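Remarks on the structure that follows.
The values are calculated or read from the model by the stated rules, or taken from the named source; none is laboratory data. All of these numbers come straight from a predicted model, not from anything done at the bench. Neighbour counts are summed over all protein chains in view; Cβ atoms, including those assigned to glycine, are modelled from backbone coordinates with ideal geometry.
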């Protein structure tokens, strides 16, 4: 078989501990935890884990709970399934995959963006539309969350001590009136109403959204270097991977299913 063509076998932590639905002897075992990108049978329907390809047979066990479309870093850190999976009885993993921080940023956008009355009459750049200290504090909280996960991984007696952790940045979402639509209704949009409510000129919507995306990405990447980096922590910078959605589109557009979620191709 050609290199990189093995599809992973994926199931929940509950299925794993009940020994259901897995190949008998996978070549490598990965643990996954995170936001909506890693949920199984959840929302959105597209899942990053299913799109991964490997050079050997791989089993991925996801602690992300089905249906958790919004999952913040603080909830991820406290997840008892993740802690059990990394603990003394969790077994030895070849790597730990993490997806976190994006929902924290999206949910805080309406607080980070300054009302018109509180910002300069002549903004010179995207940061002038933002509450800088609030954004900086949010990035620090996300960084702290990653550090707490690493501390749990490396706790005395933990079977996962020193196992490589891998995470990703997020690509550039286009602020637009494109909610995620489901049979029961819809969720979002997220950036579009925040920018509109804060009376940000529409010509600056994309630069401001990109600025927030870059702030989060650089904050996560900062955990891989410097004197206070996380050991065995790796970040895949996925910015510039997707074709940006057209702002006028209210549904599927290029590589995007809605405002913030890529489609299957994306």
Scope region 7-36; condition part of a strand (DSSP E or B) and either over 20 Å from residue 99 (Cα atoms) or modelled with pLDDT of 90 or more (or both); matching residues: 28, 29, 30, 31, 32, 33
Filtered residues of region 57-87 (kept if modelled with pLDDT under 90, out of contact with any helix residue (DSSP H, G or I) (no Cβ under 7 Å at 6 or more places or on another chain) and farther than 16 Å from residue 145 by Cα): 65, 66, 67
Selection status of residue 41, farther than 27 Å from residue 154 by Cα, over 21 Å from the mean Cα position of the chain (by Cα) and modelled with pLDDT under 90: no
Residue within region 99-108 that is under 30 Å from residue 257 (Cβ atoms), modelled with pLDDT under 95, in a strand (DSSP E or B) and in contact with a helix residue (DSSP H, G or I) (Cβ under 8 Å, 6 or more places away or on another chain) present: yes
Test: residue in region 150-167 that is closer than 28 Å to residue 203 by Cβ and either touching a helix residue (DSSP H, G or I) at 6+ places or on another chain (Cβ under 6 Å) or not in a loop (DSSP other than H, G, I, E, B) (or both): no
Test result for residue 175, part of a loop (DSSP other than H, G, I, E, B), out of contact with any helix residue (DSSP H, G or I) (no Cβ under 7 Å at 6 or more places or on another chain) and buried (at least 19 other Cβ atoms within 10 Å of the Cβ): no
Breaking point among (1) touching a helix residue (DSSP H, G or I) at 6+ places or on another chain (Cβ under 7 Å); (2) in contact (Cβ under 8 Å) with a residue 40 or more places away in the chain; (3) surrounded by fewer than 20 Cβ atoms within 10 Å (Cβ to Cβ); (4) part of a helix (DSSP H, G or I), for residue 123: (4)
Contacts under 6 angstrom Cβ, first residue in region 240-266 being touching a residue at least 12 places away in the same chain (Cβ under 8 Å) and on the phi > 0 side of the Ramachandran plot, partner part of a loop (DSSP other than H, G, I, E, B) and surrounded by fewer than 21 Cβ atoms within 10 Å (Cβ to Cβ), 6 or more apart: 254/243
